[in-house]
Amino acid sequence: MKITLKDIIRWEQLTGKSFFNIDYSNEDDLEYLLYVCDNSEVTFDTFKEVFKNRKVVDKMLGEFNRYLALSSQFMPGQDDGKGGEKDTRYMKDIVSFIIVSGVDPHFVMEEMELQDLPLIMKALETKRRISLEDKRTFTYLTMLPHMDTSKLKNGMEDILSFPWDKEKPKAPKQPVMSEEEFDRIMEQYKKHDNGTT
């Protein structure tokens, strides 16, 4: 048994809840999840009748638990779901964002698994940041001839700053070289370049 993102979206549609708030100890949540993962072409009411057969249930739960044990190895640390507010994000929104960002819809819906989400989301976030920073740089360079740059302490970040700009450690400012020191270094370079030392 494999849980695809399509299965998770179907679960959200049936329950009206965010998958991030699933309660595996809740029999209804579990029945709906096993139903959508089973991919059987029967209604949920018919599936519930089958679910009454203990042998079928034990087999499905065994497969489900094996899948969870295998896939949980690759999941980043999770909280236990206690003591926090309910998560209001829905998988359908996250999946839509991923697809609109250019990832193949078939891969996302049918092949991608829950543990792949953090990797894809991180890559998309990095791509978005790079794109926004490129646009900011282009805008800054376009405006540069028309601005008084002496008023800009942080360069282009003064025109448009992003939340992640504060996360980056600032490089220490290089001390400005005096004119005499520059002349001395250039003189040494000329001597070295001419073959004299």
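Key figures for this structure:
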quantity	calculated
Residue satisfying all of: in the range 112-148; surrounded by 11 or more Cβ atoms within 10 Å (Cβ to Cβ) and over 30 Å from LYS92 (Cα atoms); nearest to the chain's Cα centre (by Cα) among these	ARG136
Matching residues in the range 1-31 - criterion: being more than 18 Å from GLU63 (Cα to Cα), within 22 Å of the chain's Cα centre (by Cα), β-branched (Val, Ile, Thr) and modelled with pLDDT of 90 or more	ILE9
Whichever residue in the range 59-84 is exposed (fewer than 10 other Cβ atoms within 10 Å of the Cβ) and of a type in the set (Asp, Glu) and, among such residues, is modelled with the highest pLDDT	ASP79
Which numbered condition MET109 fails, given (1) touching a residue at least 40 places away in the same chain (Cβ under 8 Å); (2) more than 29 Å from ARG10 (Cα to Cα)	(2)
Residue check for ASN39: loosely packed, with under 12 Cβ neighbours inside 10 Å and modelled with pLDDT under 85	no
Inter-residue pairs, beta-carbon under 6 Å, first touching a residue at least 40 places away in the same chain (Cβ under 8 Å) and in the range 46-63, second part of a loop (DSSP other than H, G, I, E, B), 6+ apart	GLU63/MET1
Inter-residue pairs, beta-carbon under 6 Å, first within 13 Å of TRP164 (Cβ to Cβ) and in the range 125-148, second part of a helix (DSSP H, G or I) and not charged (D, E, K, R), 6+ apart	ARG136/MET156
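The values are calculated or read from the model by the stated rules, or taken from the named source; none is laboratory data. The structure displayed is predicted, hence computed values, not measured ones. Because the Cβ atoms are built from the backbone with ideal geometry, glycine has one as well, and the counts that use them run over all protein chains shown.
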